[in-house]
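The values are calculated or read from the model by the stated rules, or taken from the named source; none is laboratory data. Keep in mind that what you see is a predicted model, and the values were worked out from it rather than measured. As a convention, Cβ positions derive from the backbone with ideal geometry for all residues, glycine included, and neighbour counts pool all protein chains shown. Only protein heavy atoms, including side chains, enter the accessible area calculation; ligands, DNA and RNA are left aside. Shrake-Rupley method; radii C 1.70, N 1.55, O 1.52, S 1.80 Å.
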Amino acid sequence: MASLSSTQPGRFRVLKEGSKNRTGPVVYWMFRDQRMRDNWALIHAIDEANKNNVAVGVAFDLFDRFKGAKARQLGFMLKGLRQLQDQIEHTFQIPFFLFQGTAEETIPKFLGESGASLLVTDFSPLREVRKCKDEICKRVSDSVTVHEVDAHNIVPVWVASDKLEYSARTLRGKINKKLSDYLVEFPVMQSPSNKWVAAPNKSIDWDSLIDEVLRKGAEVPEIEWCIPGEDAAMEVLTGTKNGFLTKRLTNYSTDRNNPLKPKGLSGLSPYIHFGQISAQRCALEARKARKLYPQAVDTFLEELIVRRELADNFCFYQPQYDSLKGAWEWARKSLLEHASDKRDHVYSKEQLEKAQTADLLWNASQLEMVHYGKMHGFMRMYWAKKILEWTSGPEEALAVSVYLNDKYEIDGRDPKGYVGCMWSICGVHDQGWKERPVFGKIRYMNYAGCKRKFDVDGYIAYVKRLVREKNKRKAEYQLARQEKQHCTSAI
């Protein structure tokens, strides 16, 4: 039996207190942390099940195609979940249940049908998920207890700070004080002591489901450079062929700011976003390399821990995390004072989406995101600030940047994405700078500054190659599909 202290008490919180006499099974409603290994929520669910001598099952709801996700995001997620079901059912004999619809209805219904006494769920700071959990707590039986586990952050968001932090500077010390308690090796996963005997697990037709989402979300097609799943995530982190920590870490502190060196980045963000790898595992493995590459590892850990958890802190304690209302008072006042300033260019959302601006560098960054599914971090700042410069005001700029980011980025609909847009446009986690037209006191970026940082023409040429290669493969795929359909009709 797993130790009762496997999961630190501070890592989970009680959302609803039900009966203390838990005779029904434990259900882990997986959402944000889609993995078997290094998953505190799953560890906690198994611990609680074994403690009460009951079974445990995993439930996943497609959440009504969360916030308009397309083939790019849903295809990646579903292919990872298909692997996860196979791993979790064969390794631990834990059944995996997949639901479609709204979790507010499917999860309480499943808890009632299975006679569950405890619901364990992932933590997310996003409004839609928190609202959904509140509704689930209202709908489930009074006897059901609900635990929320922060398996996504290394230091749980409510442990790191009990308030909205102003910047990385104010959060960094608080996190560092707690790291020795929370940045620890994971316990060995225990098997459940009881098998699931409730309603049988219906087989999942993954092929049909994936084909459906790829067809319906075809306007934003899948990416090819990132293979989904836990095993692929570990290969990107520590693989002997091209792993980040084993082959690409050396110059991370400098290469990460050069858009012409995409391999200088870790490549882990899609996996961390979908929870296919634990940020804690990434940090533990990175620390092993610190003696050899101290500067690179320290820079990586700053991004992985402090900056990423700062984004969760903002979205957790600021409900208006994607609105001008969520900006600091100085920034909001300055932006509104300059909202009516004359713009050299004003573009519509459609023009921006199609990269139809007079700025070839900006167009390249937009096309990189549309075709590659990932825009380089440095370019994301320039990209969002230009949207502020080219739209009618900060509200429209923020709405357009969030729309484009969520639609095309493989890791869209994420706290880091929202905070990235808020930093660029609304000065969140930044300070006031020299006042200028349109931007007010928001930090300014321009084409000339980018030219001083990197080879702008080289970046534009690099993106053009990406687009050409993508279009060529798309044309080849469509031709092959037409030929297949022709052969089928002939038969």
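Of note:
- Selection status of Ile154, touching a Leu at 6+ places or on another chain (Cβ under 6 Å), in contact (Cβ under 8 Å) with a residue 24 or more places away in the chain, open to solvent by less than 10 Å² (accessible area, probe 1.4 Å) and among the hydrophobic types (A, V, I, L, M, F, W, C): yes
- For the range 234-243, taking the residues that are open to solvent by less than 80 Å² (accessible area, probe 1.4 Å) and part of a helix (DSSP H, G or I), the one that is farthest from Arg281 (Cα to Cα) is identified as Val236.
- Yes/no for Val58 being of a type in the set (Val, Ile, Thr) and either touching a residue at least 60 places away in the same chain (Cβ under 8 Å) or at positive phi (or both): no
- Hits in the range 94-109 - residues which are open to solvent by 10 Å² or more (accessible area, probe 1.4 Å) and either in contact with a Leu (Cβ under 9 Å, 6 or more places away or on another chain) or at pLDDT 95 or above (or both): Pro95, Phe97, Leu98, Phe99, Gln100, Gly101, Glu104, Glu105, Thr106, Pro108, Lys109
Yes/no matrix, rows are residues, columns are (1) of a type in the set (Phe, Trp, Tyr); (2) touching a residue at least 40 places away in the same chain (Cβ under 8 Å); (3) closer than 28 Å to Tyr182 by Cα:
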position: Ser19; (1), (2), (3): no, yes, no
position: Thr23; (1), (2), (3): no, yes, no
position: Arg35; (1), (2), (3): no, yes, yes
position: Asp47; (1), (2), (3): no, yes, yes
position: Asn50; (1), (2), (3): no, yes, yes
position: Phe63; (1), (2), (3): yes, yes, no
position: Ala69; (1), (2), (3): no, yes, no
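- Here Gly417 passes the criteria (1) in contact (Cβ under 8 Å) with a residue 60 or more places away in the chain; (2) assigned to a helix (DSSP H, G or I) except the one numbered (1).
- Per-region count, the range 349-364, residues surrounded by fewer than 17 Cβ atoms within 10 Å (Cβ to Cβ) and either within 28 Å of the chain's Cα centre (by Cα) or not in a loop (DSSP other than H, G, I, E, B) (or both): 6
Matching residues to (1) within 30 Å of Tyr321 (Cβ to Cβ); (2) open to solvent by 10 Å² or more (accessible area, probe 1.4 Å); (3) at pLDDT 95 or above; (4) touching an Asp or Glu at 6+ places or on another chain (Cβ under 6 Å):
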| residue | (1), (2), (3), (4) |
| --- | --- |
| Leu119 | yes, no, yes, no |
| Lys131 | yes, yes, yes, no |
| Glu148 | yes, no, yes, no |
| Glu165 | yes, no, yes, no |
| Met189 | no, yes, no, no |
| Ala198 | no, yes, no, no |
| Lys202 | no, yes, no, no |
| Trp206 | no, yes, yes, no |
| Arg215 | no, yes, no, no |
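Quick grid of which residues meet (1) acidic (Asp, Glu); (2) crowded, with 20+ Cβ neighbours inside 10 Å; (3) in contact (Cβ under 8 Å) with a residue 12 or more places away in the chain; (4) not in a helix (DSSP H, G or I):
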site	(1), (2), (3), (4)
Leu245	no, yes, yes, no
Thr254	no, no, no, no
Asn257	no, no, yes, yes
Lys263	no, no, yes, no
Ile272	no, yes, yes, no
Ala286	no, yes, yes, no
Leu292	no, no, no, yes
Phe300	no, yes, yes, no
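- Of the set (1) open to solvent by 10 Å² or more (accessible area, probe 1.4 Å); (2) in contact with a strand residue (DSSP E or B) (Cβ under 7 Å, 6 or more places away or on another chain); (3) among the hydrophobic types (A, V, I, L, M, F, W, C), all apply to Val159 but (2).
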